[in-house]
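**Q** Quick one: the structure is below, questions incoming.
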Amino acid sequence: MKDFEFMLAPMEDYTDNAFRELCFNHGADLTFTEMTRLTGLIRNNKSTERRIEILNNVPTQIQLAAKNEDHLKLFLKKFKPTEGFQGINFNLGCPSPHLIKIGLGCALMKRISKVNRLVQIVKNNGFSCSIKMRLGLNQYEKEKFVYLNLLKNVDADFFIIHARHGKEDYESKADDKIYPECVDTGKTIIANGDIDSVEKVNYMKKLGVKGVMIGRAAVCNPSIFEQLKGHTSTDIKTLKSEYVSLIKKYPHINNKYYVNIMKRIGSTQNAFPEQVMG
Ligand SMILES: Cc1cc2nc3c(=O)[nH]c(=O)nc-3n(C[C@H](O)[C@H](O)[C@H](O)COP(=O)(O)O)c2cc1C
């Protein structure tokens with residue numbers, strides 16, 4: 001890992017190969033596939049498999065919503081890493097009631113032993129493993145420091161903290177005050193939530209986090225990574241035409257990604273639908 005990393009957030013129906021490549025070409029150090037259910041992969045569901053395909057050399061972690069250890073072992077046994085593959089990320093941040101009900105997403109945050117076993121399975125296969133999490137399922141869990149307990153007791157390579165709990169939507173501000181205590185655990189922390197300016201990045205650096213992850217602001221302006229790194233930025237017209245060329249490189253990919261990106265690229269941040277995935 002570099003001294004300080006800029007990561008593109010996983011975003012369902014947005015972060016396909018073309019968009020990840022665009023952001024990588026404009027400064028993102030690491031990208032993530034959208035959240036994919038391990039159960040779908042075990043069933044060899046073709047459309048599920050397509051969500052985790054890495055078709056380029058863009059550094060990418062595959063994000064899984066997973067809890068079954070045998071399924072994970074089975075998946076990893078068959079899995080053939082391609083050039084860009086940089087490890088597995090577990091989603092412990094999705095607050096969707098459907099996912100919570102089946103014990104996935106935020107519901108996994110308290111299951112320390114299970115999460116550790118999942119992480120170990122990934123590591124035993126020789127892969128890097130990270131966690132993307134919130135501050136807990138709700139305010140109560142946040143106040144009980146469920147997130148600190150997870151950080152202290154899980155042995156992942158790095159932890160991306162979306163600084164909201166599972167009942168908070170994007171109207172509430174991400175809570176930056178939690179980072180110093182998280183950093184004090186000695187774990188590698190990546191900050192996420194509302195990060196869209198050099199000032200915020202500098203503030204995060206001061207707090208001791210090792211990187212930032214950017215979601216919505218990158219869809220609106222994929223050149224944000226080079227901007228935040230102090231490099232020359234690229235105008236939206238150029239970005240759009242580069243994206244269109246990239247889309248042509250991946251002809252079998254579902255058109256919905258293209259439609260979503262073209263709708264939002266160049267717009268102002270927060271103009272997003274109700275979707276709150278992680
Ligand atoms: C449209 C959309 C889809 C998302 N899909 C995922 C996902 O698949 N997995 C995940 O961990 N988080 C997902 N998220 C959450 C983002 O990764 C990120 O944590 C959140 O947007 C906060 O970062 P931001 O303020 O930089 O956008 C999604 C967010 C949005 C807006």
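The values are calculated or read from the model by the stated rules, or taken from the named source; none is laboratory data. Everything quoted here is computed from the prediction, not taken from an experiment. Virtual Cβ from ideal backbone geometry, glycine too; neighbours counted across all protein chains shown. Areas reflect the complete protein model, heavy atoms only, side chains present, ligands, DNA and RNA absent. Shrake-Rupley method; radii C 1.70, N 1.55, O 1.52, S 1.80 Å.
**Q** With equal scatterers on the alpha carbons only and no solvent term, can you work out the Debye log10 of I(q)/I(0) for region 5-264 at 0.09, 0.15 1/Å?
**A** One equal scatterer on each Cα of region 5-264 leads to -0.37, -1.10.
**Q** In Å², and per residue, what accessible area does region 5-264 have when probed at 1.4 Å with the other protein chains present?
**A** With all protein chains present, region 5-264 gives 43 Å² per residue.
**Q** So, one more: Given the options 148, 64, 218, identify the residue whose Cα lies farthest towards the positive end of the charge dipole of region 5-264 (+1 on Cβ of Lys, Arg; -1 on Cβ of Asp, Glu).
**A** 64
**Q** Also, I was wondering about something else. Set Lys and Arg Cβ to +1 and Asp and Glu Cβ to -1, take the dipole of region 7-115 about its Cα centre, and tell me which of 84, 97, 52 lies farthest positive.
**A** In region 7-115, that residue is 97.
**Q** Oh, and also: Pick out which of 105, 93, 266 has the largest mean-square fluctuation in a Gaussian network model of the chain, springs linking Cα atoms closer than 10 Å.
**A** Maximum fluctuation in the GNM of the chain, among the listed residues, is at 266.
**Q** Right, here's the next one. Which whole-Hz ³J(HN,Hα) couplings does region 39-50 yield from phi under the Karplus relation 6.51 cos²θ - 1.76 cosθ + 1.60, θ = phi - 60°, glycine and proline marked x?
**A** The phi angles translate into 4, x, 6, 5, 7, 6, 5, 4, 5, 5, 4, 5 Hz.
**Q** When you count, for each residue, the other Cβ atoms within 10 Å and take the mean per peptide, how do 242-249, 192-199 rank with the highest first?
**A** 192-199, 242-249
**Q** How charged is the neighbourhood of residue 39? Take every other residue with its Cβ under 12 Å from the Cβ of residue 39, and add Lys/Arg as +1 and Asp/Glu as -1.
**A** +2
**Q** When the accessible area of the chain is split by element with a 1.4 Å probe, what percent falls to carbon and sulfur?
**A** In the chain, the share of accessible area belonging to carbon and sulfur is 49 percent.
**Q** Same structure again: Using the Kirkwood radius over Cα pairs, work out the Stokes-Einstein diffusion coefficient for region 77-147 at 25 °C and 0.890 mPa s, in µm²/s as a whole number.
**A** For these conditions, the coefficient is 186 µm²/s.
**Q** If each DSSP helix of 4+ residues adds -39,500 (n - 2.57) and the sum is divided by the residues in the chain, what number results at 222 nm, nearest 500 deg cm²/dmol?
**A** Value at 222 nm, helices only, nearest 500: -10500 deg cm²/dmol.
**Q** Taking the Cα centre of region 5-264 as origin and charging only Cβ (+1 Lys, Arg; -1 Asp, Glu), how large is the dipole, in debye to the nearest 20?
**A** 780
**Q** If Lys and Arg each add +1 and Asp and Glu each add -1, what is the summed charge of the other residues whose beta carbon sits under 10 Å from the beta carbon of residue 57?
**A** Cβ neighbours under 10 Å give a net charge of -2.
**Q** Using mean Cβ contacts within 10 Å as the protection proxy, how do 2-15, 140-153 order, highest first?
**A** Packing order, densest peptide first, comes out as 2-15, 140-153.
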